[in-house]
Structures are given as structure tokens and as C-alpha cells.
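Participant: Input: one structure, supplied below.
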Amino acid sequence: MTINSGPETEVTDYEALYRRIRRRYEREREVRMEAERIAEDGLSQLYARNRQQALMEAVAAQANSGLSVEDIVRFAFSQACEMGPWCMALAWLPDSKGSGRVFRLASHLSGHENAAAGRALPTGSDNALLPSICSRLQIESAPLWLVGEGTRSGMQTVLMVPVMVSGRMAMVLEFDALSRHESDPYTLAMFSNIARQLSHVLERRETADLLRHEATHDALTGLPNRKAFLARLDAIMERDRKTGHDHAVMFIDLDKFKMVNDSFGHHAGDMFLIEIVNRLRRVFDTEQNCFIARLGGDEFTAIMTGPRDQAALEKIGARICQELEAEMVIDGHHLRPSASIGIVTSDHDHKSSADIVRDADLAMYEAKRRGGDRVILFTPDLLARMHHALILQGELPDALERNEFLLHYQPIVDVQAGRVVGHEALLRWRDRRGVLHDPAAFIRNAEETGLIVPIGNWVLEQALRHVVAFNRDQAPGYEIAAHINLSANQLRQPDMPRQVRELLAISGAKAEWIVLEITEDALLPDMDASVRHLAALRGAGARIAINSFGGGRSSLSHLGIMPFDIIKTDRGFVKTMGTHGHTVDVLRLMADLGKRLDKMVIIEGVETQAEQNQLRTLGFRYMQGFHIGRPA
């Protein structure tokens, strides 16, 4: 019998077909949902990337707009925190002195939910890891993404981005999140791009700062230059006019710096100036409200604000002189610097910075005129003297040609024998108006312009002619010597010994009739060369006298190496003999020193009979001064 199973089989086939269709539908649905998810993620990523690109372009626009670094950083922080998980952003500046410390430049707290309300912004000391992290960033020059351990307290994610300038880490950007976020290459790329933009801004700013610094500072010493000094002085004068506060200006000019340059070269001169500045800093660093600058060459200035009386200002100047006078060694040469210092206060109602600098300069020149190595405060009569000096300065170049110079002679006496043993030739200038000037009025200008060499040669020629006349009727053994002052410029003339020989031959004078006097200060810039020059002059037959010994920066050690015949003491010894207790003891030692060295010692500045009597008692035989005889 046949069984009909058709309908039942048909039902079974429909169910299987349904299941197959259902499974296909589910798979297609899953694929479609995955595709939609991928598309949605792609759109989200595309949106995020577009926002990141827009942020980078906005930061680039800000960087090119001329805004400050701080403003650009704050803008980048606000935008980055708005579009990312960051609840706090900070910018750190590493200490430029290499101490490992960092300083906060800028910061931003976002409005993210869960951000600690009222959270205090950290300082460099709030995270002990900062120095080590900065060291790692400097080495790797790449962002550092930290998750979990090692982050700032209370944070789960920290991103540190270095801002590099010329291989040096100039800034660190820090971004903090309260939740964990794994490293994202797109985010890293965005912040690296922002760091590059900031790097360009910092580099431009550093270049601009460098140019400004070079425009207002001296390249050799690092001190502010003339431009910066005058700008500061103008500002202080304007302020003090309104407030009634006081200020003073100090003008410092090194004595005989040109001789250092000429003798040892400009490299030694530069090293000399750098050491001078170090010494000036040691003085001014202990004073409040002082601004020092280099005007140029060997000229320095200082502005001192606040209440200081004249005694306090002179004390500062004296400290500078004392600090400078210590011996320094430059390229193997032993040098003893000194300076002439002029000071002017705001009491003189100056109208401009040029006026106050002029008056400080005048006081400095007065200090130099008095021999240098001293401090002079400005007084109004110095201005009148300057006008007179300018007139003489214009007439000096033609004075020799117009035969306006003449020699006066002051006697040097052997008080024991009671006879004249020498005359010192003293230069005078009778100008076209008939006014007679002593050397203090024109010698410094002659030295600066080089006129001292032809003038000095004229003095030597005239003195030799005169000494022949002095000795025409003198008995043998009783001849009178002509003492002739020699300038440092003349001493350095290589043909000076030859000139002496020629003039001796032309005049008919004997070599032992002339004594060439030179101050020890003129020998100091290059003692080795000076010894050679003096030896050459002695070789020409002349006797050598060390003039003004005991004043300035005299040193007993020089007596052991200098070729000389006569010591002439500084006139200051006689002036202080009655007021300074130890002066008499020093004079007694000098008289004894001359005997031990077998050298003639001439004591200068004898003004009274009482001084003469006391000096004879101390052992001095040869004397010069107004009491002995006035120049004539």
C-alpha cells in the first residue's frame, strides 16, 4: 500500500528555507551594522581630524599674528581641552641656568565634568617627577604619554610635549586627564605640530631679543652700551623730576689704557677690560639701585639712584679705585690699573642727559688732570675751566711753530755743600694773548694728540743748549745738570737714544750733564720694555731719575730691576710730614735706602726752612722746592 507523504515533506522544506533566510538576514544585518559602525567611526574620526586640523591651522595663524608666546599657549590650551579629554593644561619653562627647576608660564583649567572644582593649579614643586621627565624629554625630543602610575596626583593620563629650539628644550606642554586614555597617534601628531609652531615663535622671539640685546649692550663686556645708558638716564631724570628723588652719575675712565693696547695688542686690551668689568661688578653688586654701562673704549658710567650724600658717593669711588689697583696678569704681563672718576649729582638742575654726562665727564677730566687714580665731584667752576681749555686746545697745534714755548728752571741744591747741582727744565706756554700757562693746562691734550713727542724733543734740544751755557764758567767737578722730563710716548720712541746722542753732539753738552726724569707710572704698563728703553738711554750716556717715587703705584720691587741713577720723591711726603705720624719714618727709610743703593735721593716739595732743617736731620742732602728756589 502506498503512503502519501507529500504535504508533510513540503512543510519540512519551508521551515528549512525559513531558517536559511533568517540566518542570511542576520548575517547581512550584522554586516550592515558593522558597516554603519565603521562608517560612523570613520565620520567621527574624520570630524575629529578636521577639528584637530582646524586647531593646528588656528594655532599657526595665532603664531604668525605677532601675539606673545603666553597668549598663543593659552589659546592652544583652551581649544585642545575643549575638544579632548584634558581637564588641565600647563606650560613649563625649564631654568635656563641648568638648575633642573621649572617655572610655570601659562595654565588652563577646563570645564569638564568631574574636573576637580576649584582645584589649585600646581607649581613646579608639586610634581617631583618633573625634573626627571624634563631630562627625558630633552634627550628624546618627543612627546611622552603616561597612563596610570607616574602621573600627577589625581590624574590618570598625562601627556608631556617638548618644545625644542635649536636642539634645546625651551618649553614643556603638559595635558592632564582624570580618566585613562591610551596613546593616540593622531593626538600626538597634533600636539607635536602645535609644539613646532610654538618653537618657531620662540625662535623668532629669541632672535628679536638677541638683536635688541646686541643693539643695547656691549659685545665684549656684556654691559649696557651708550644707547641703553642714555635711555635709562632719561627715564630716571624724568621720574625724579616728578618725584623729587635724587640720582647721581659716575664717569669712570681708565688711566693709560691706550698704553696697554699699544704695548700688548688689542687681545690683551680686551682681556684687560673684561677683568676691569669684573672688578667694577664686585663693587656695584654690593650697592643698591646702581646701573653700570660701558660708553665705549675705556669709559664706563654708573647711575646711582636713591639718597646718597657726597661722602657716600666719594666712598664708592674710593672703593672702585682700591678694587682696580690690585695687580692683574694679562698674557704674562703684570699690570696695575687705575682710573680717574668724576661724579655729578642731580642737585645741579640738568636739563638733559647730555648735560649731566658732560658734567660727570668734566669732573673725570679734572681727576685725570690731577694725576689720575682719584675721585672728583663736579662743581660749576669746572664748566668755566672747560671752555678755557677748549680755546687752548685749538691753539696748541700751532704753538710750537709760533715759538710760543719757553723753559723755566727750578734749582736742585746740595744743602750740605751749599751749592746748586742741577736745574729742572719746566715747560711753559705763552699763548698769542700773552697769557702764561703751566703744563697742567695743555700737557694732557699734547699727549692725546701726539704733539708731546715734537714738544718733548724741542724741550730736550733747548735744555741741552742751555746746560752748555750753565756750565761755561763752572769749574770741573762743579757742573750743573739739566733735569729733563721725559713723557711715556717719548720713552717708547725707538730712535730716542739716537736723538739723545745726536743732540749731545750738536750742542756740545757732556752726557753726564743731563738727567732724564720719568715717572714710575709711565713705566708700569710694560715694565720689561721700559727697562730696555731706560738701559738704552743710559747707554747713550744720560742719567735716569725715577720721578715722583712713592706716589701713585710705586713699588720697591721695581728698584731692583730698573736701570736708574736718581730717586726723586713725591712732593706729597713733605706736605704730610707734619700731619701723618708715619711719614717721617717712611722718609727716614727712603734716605737710608738711597745710601744702601748708592743712589742720589732728591726730596721735592720743600716749602719752608723748618722743613729743610727736618729733612737734613732725616738724612736728605739734595732738595728742590719753592723754599730752595722758584722756577725762573
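The values are calculated or read from the model by the stated rules, or taken from the named source; none is laboratory data. This is a predicted model, so every value here is computed, not measured. Neighbour counts run over all protein chains shown; Cβ positions are idealised from the backbone, glycine included. Accessible surface areas use protein heavy atoms only, side chains included; no ligands, DNA or RNA. Shrake-Rupley method; radii C 1.70, N 1.55, O 1.52, S 1.80 Å.
Participant: Can you tell me which residue in segment 130-148 is farthest from VAL172 (Cα to Cα), limited to those that are at pLDDT 85 or above and touching a Lys or Arg at 6+ places or on another chain (Cβ under 8 Å)?
Facilitator: VAL147
Participant: Which number in (1) open to solvent by less than 60 Å² (accessible area, probe 1.4 Å); (2) part of a helix (DSSP H, G or I); (3) at pLDDT below 70 marks the one condition that VAL73 misses?
Facilitator: (3)
Participant: Which one is surrounded by the most Cβ atoms within 10 Å (Cβ to Cβ) among residues in segment 396-413 that are within 17 Å of VAL435 (Cβ to Cβ) and charged (D, E, K, R)?
Facilitator: Checking each candidate, the answer is GLU404.
A quick yes/no check of all residues on (1) open to solvent by less than 70 Å² (accessible area, probe 1.4 Å); (2) in contact with a strand residue (DSSP E or B) (Cβ under 9 Å, 6 or more places away or on another chain):
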site	(1), (2)
CYS290	yes, yes
ALA318	yes, yes
ARG336	no, yes
GLY342	yes, yes
VAL357	yes, yes
PRO380	no, no
GLY394	yes, no
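Participant: In segment 600-615, which residues are of a type outside the set (S, T, N, Q), surrounded by fewer than 16 Cβ atoms within 10 Å (Cβ to Cβ) and touching a residue at least 12 places away in the same chain (Cβ under 8 Å)?
Facilitator: Here is the first cut: in segment 600-615, the ones of a type outside the set (S, T, N, Q) are 600-607, 610-611, 615.
With the extra rule that they be surrounded by fewer than 16 Cβ atoms within 10 Å (Cβ to Cβ), the set shrinks to 607, 610.
Passing the criteria: only GLU607.
Participant: Please state which one of ARG465, ARG472, ARG432 is open to solvent by 60 Å² or more (accessible area, probe 1.4 Å) and within 30 Å of ARG385 (Cα to Cα). Can you show your working first?
Facilitator: On the way: ARG465 fails: within 30 Å of ARG385 (Cα to Cα); ARG472 fails: within 30 Å of ARG385 (Cα to Cα).
Answer to the check: ARG432.
Participant: Need the failing condition index for SER530 against (1) at pLDDT below 85; (2) more than 18 Å from ALA488 (Cα to Cα); (3) part of a helix (DSSP H, G or I), just the number.
Facilitator: Every condition holds for SER530 apart from (2).
Participant: Given LEU427, LEU523, which one is of a type in the set (A, V, I, L, M), under 21 Å from ALA632 (Cα atoms) and under 43 Å from the mean Cα position of the chain (by Cα)? Show your work before the answer.
Facilitator: On the way: LEU523 fails: under 21 Å from ALA632 (Cα atoms).
Every option except LEU427 fails the conditions.
Participant: Considering segment 444-477 alone, what residues qualify as being part of a helix (DSSP H, G or I) and without any contact (Cβ under 8 Å) to a residue 24 or more places away in the chain? Write out each step before concluding.
Facilitator: So in segment 444-477, the residues part of a helix (DSSP H, G or I) come out as 444-449, 452-470.
The answer is GLU448, ALA469.
Participant: Restricting to segment 76-93, what's the tally of residues that are open to solvent by less than 40 Å² (accessible area, probe 1.4 Å) and either among the hydrophobic types (A, V, I, L, M, F, W, C) or modelled with pLDDT under 80 (or both)? Give the steps one after another, and end with the answer.
Facilitator: Our first condition is that a residue be open to solvent by less than 40 Å² (accessible area, probe 1.4 Å); within segment 76-93, this holds for 76-78, 80-81, 84, 86-92.
Narrowing the set further to residues that are either among the hydrophobic types (A, V, I, L, M, F, W, C) or modelled with pLDDT under 80 (or both) leaves 76-77, 80-81, 84, 86-92.
Residues that pass the stated criteria total 12.
Participant: Okay, moving on. Here are some conditions: (1) of a type outside the set (A, V, I, L, M); (2) open to solvent by 30 Å² or more (accessible area, probe 1.4 Å); (3) closer than 22 Å to ASN225 by Cα; (4) more than 23 Å from the chain's Cα centre (by Cα). ARG370 meets all but one. Which one does it not meet?
Facilitator: (3)
Participant: Please pick out the residue among SER487, SER507 that is open to solvent by less than 40 Å² (accessible area, probe 1.4 Å), of a type in the set (Gly, Ala, Ser) and under 19 Å from LEU426 (Cα atoms).
Facilitator: Working: SER507 fails: under 19 Å from LEU426 (Cα atoms).
Going through SER487, SER507 in turn, just one is open to solvent by less than 40 Å² (accessible area, probe 1.4 Å), of a type in the set (Gly, Ala, Ser) and under 19 Å from LEU426 (Cα atoms): SER487.
Participant: So how many residues does segment 162-188 have that are without any contact (Cβ under 8 Å) to a residue 60 or more places away in the chain and either among the acidic types (Asp, Glu) or farther than 21 Å from LEU93 by Cβ (or both)? It would help to see each step written out before you state the result.
Facilitator: Going through segment 162-188, the residues without any contact (Cβ under 8 Å) to a residue 60 or more places away in the chain turn out to be 162-168, 180, 182-185, 188.
Within this subset, residues satisfying the condition of being either among the acidic types (Asp, Glu) or farther than 21 Å from LEU93 by Cβ (or both) are 180, 182-185, 188.
Result for segment 162-188: 6.
Participant: Can you name the number of the only condition in (1) at pLDDT 85 or above; (2) closer than 22 Å to VAL421 by Cα; (3) surrounded by 16 or more Cβ atoms within 10 Å (Cβ to Cβ) that THR519 fails?
Facilitator: (1)
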